[in-house]
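The values are calculated or read from the model by the stated rules, or taken from the named source; none is laboratory data. Worth saying up front: this structure is predicted, and the values here are computed from it rather than measured. Because the Cβ atoms are built from the backbone with ideal geometry, glycine has one as well, and the counts that use them run over all protein chains shown.
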Amino acid sequence: MDVASIELVERFPDPLDYCRLRSEAGMAPRSLEAARRGLANTLHGVSLLHEGAVVGMGRVIGDGGCFFIVSDIAVDPKWQGRGLGKRIMGALMAWLRTNAPSSAVVSLVADGDARHLYAKYGFVETTPHSVNMEYQVE
Ligand SMILES: CC(C)(COP(=O)(O)OP(=O)(O)OC[C@H]1O[C@@H](n2cnc3c(N)ncnc32)[C@H](O)[C@@H]1OP(=O)(O)O)[C@@H](O)C(=O)NCCC(=O)NCCS
């Protein structure tokens, strides 16, 4: 399996591929209904395609001015550790450099070792000044 055969397209996966890839990458599930509503509000998203199948994704959400959030970064486990996470982040950061105005904040929640990936793009941990908090809708 050659990573050179993987194409990055500036389009986010559809809800079915999104839910499938989150699951395959070991991320918490999102319902199809939540995905249908949420993906429609993506500011910018990318997909990695191998022979037409989605094997990676990442997107930017937010208000388009003050606050941006990098979200849903995932690579199919069969393809991890070969630079594809960096291809996704590189594409999203290029979009942010062009589209986010001065003074905007770009944030994300880093799960586990993924923080090493984001550190390469200038993201810094905000603890103890601030901590991530969330409320899970049942
Ligand atoms: C996080 C994820 C997207 C990274 O994708 P990937 O294709 O494996 O990443 P890459 O091969 O591009 O590696 C990216 C960099 O992250 C760093 N990295 C990744 N895992 C690491 C680890 N366990 N320890 C230290 N650094 C690590 C490496 O420094 C690497 O850069 P380098 O090769 O220049 O050293 C992928 O592992 C994934 O989908 N994980 C499951 C879902 C997930 O947790 N998503 C993130 C939610 S916040």
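Filter region 94-114 down to the residues that are more than 13 Å from the ligand (Cβ to nearest atom) and either modelled with pLDDT under 95 or under 15 Å from the mean Cα position of the chain (by Cα) (or both) and list them by number. Explain how you work it out, then say what you get.
In the first step, residues of region 94-114 are kept if they are more than 13 Å from the ligand (Cβ to nearest atom); the result is 94-106.
Passing the criteria: 94, 95, 96, 106.
Return the residues of region 59-83 that are within 11 Å of the ligand (Cβ to nearest atom) and crowded, with 21+ Cβ neighbours inside 10 Å; say none if nothing qualifies.
Answer for region 59-83, where residues must be within 11 Å of the ligand (Cβ to nearest atom) and crowded, with 21+ Cβ neighbours inside 10 Å: 70, 72, 73, 74, 75.
Determine the pairs where a residue that is among the charged types (D, E, K, R), located within region 121-138, has a partner that is modelled with pLDDT under 95 and part of a loop (DSSP other than H, G, I, E, B) with Cβ atoms under 6 Å apart, the partner being 6 or more residues away or on another chain.
Between residues of region 121-138 that are among the charged types (D, E, K, R) and residues that are modelled with pLDDT under 95 and part of a loop (DSSP other than H, G, I, E, B), there is no close pair.
Any idea which of (1) more than 11 Å from the ligand (Cβ to nearest atom); (2) at pLDDT 95 or above; (3) outside any strand (DSSP E or B); (4) farther than 19 Å from residue 49 by Cβ is the one residue 117 doesn't satisfy?
Unmet for residue 117, out of (1) more than 11 Å from the ligand (Cβ to nearest atom); (2) at pLDDT 95 or above; (3) outside any strand (DSSP E or B); (4) farther than 19 Å from residue 49 by Cβ: (1).
Could you list, ordered by first residue, the pairs with Cβ atoms under 8 Å in which the first is in region 1-23 and touching a residue at least 40 places away in the same chain (Cβ under 8 Å) and the second is surrounded by fewer than 13 Cβ atoms within 10 Å (Cβ to Cβ) and part of a helix (DSSP H, G or I), at least 6 apart or interchain?
Hits for this filter: 1/78.
Which pairs do you get when a residue that is free of Cβ contacts under 8 Å to residues at least 40 places away in the same chain, found in region 68-93, comes within reach of a residue that is of a type in the set (Ser, Thr, Tyr) and near the ligand (Cβ under 8 Å from one of its atoms), reach meaning Cβ atoms under 7 angstrom, with the pair 6+ apart or on two chains?
none
What number of residues within region 43-58 satisfy the criterion of being surrounded by 14 or more Cβ atoms within 10 Å (Cβ to Cβ) and away from the ligand (no atom under 16 Å from the Cβ)? Steps first, please.
Restricting attention to region 43-58, the residues satisfying the condition of being surrounded by 14 or more Cβ atoms within 10 Å (Cβ to Cβ) are 43-50, 54-58.
From the residues that got through so far, the ones that are away from the ligand (no atom under 16 Å from the Cβ) too are 43-44.
Of the residues in that region, 2 qualify.
Please list, ordered by residue number, the strands (runs of 3 or more DSSP E) wholly in region 1-105 having 1 or more residues that are β-branched (Val, Ile, Thr) and under 23 Å from residue 119 (Cβ atoms).
44-50, 53-62, 67-75
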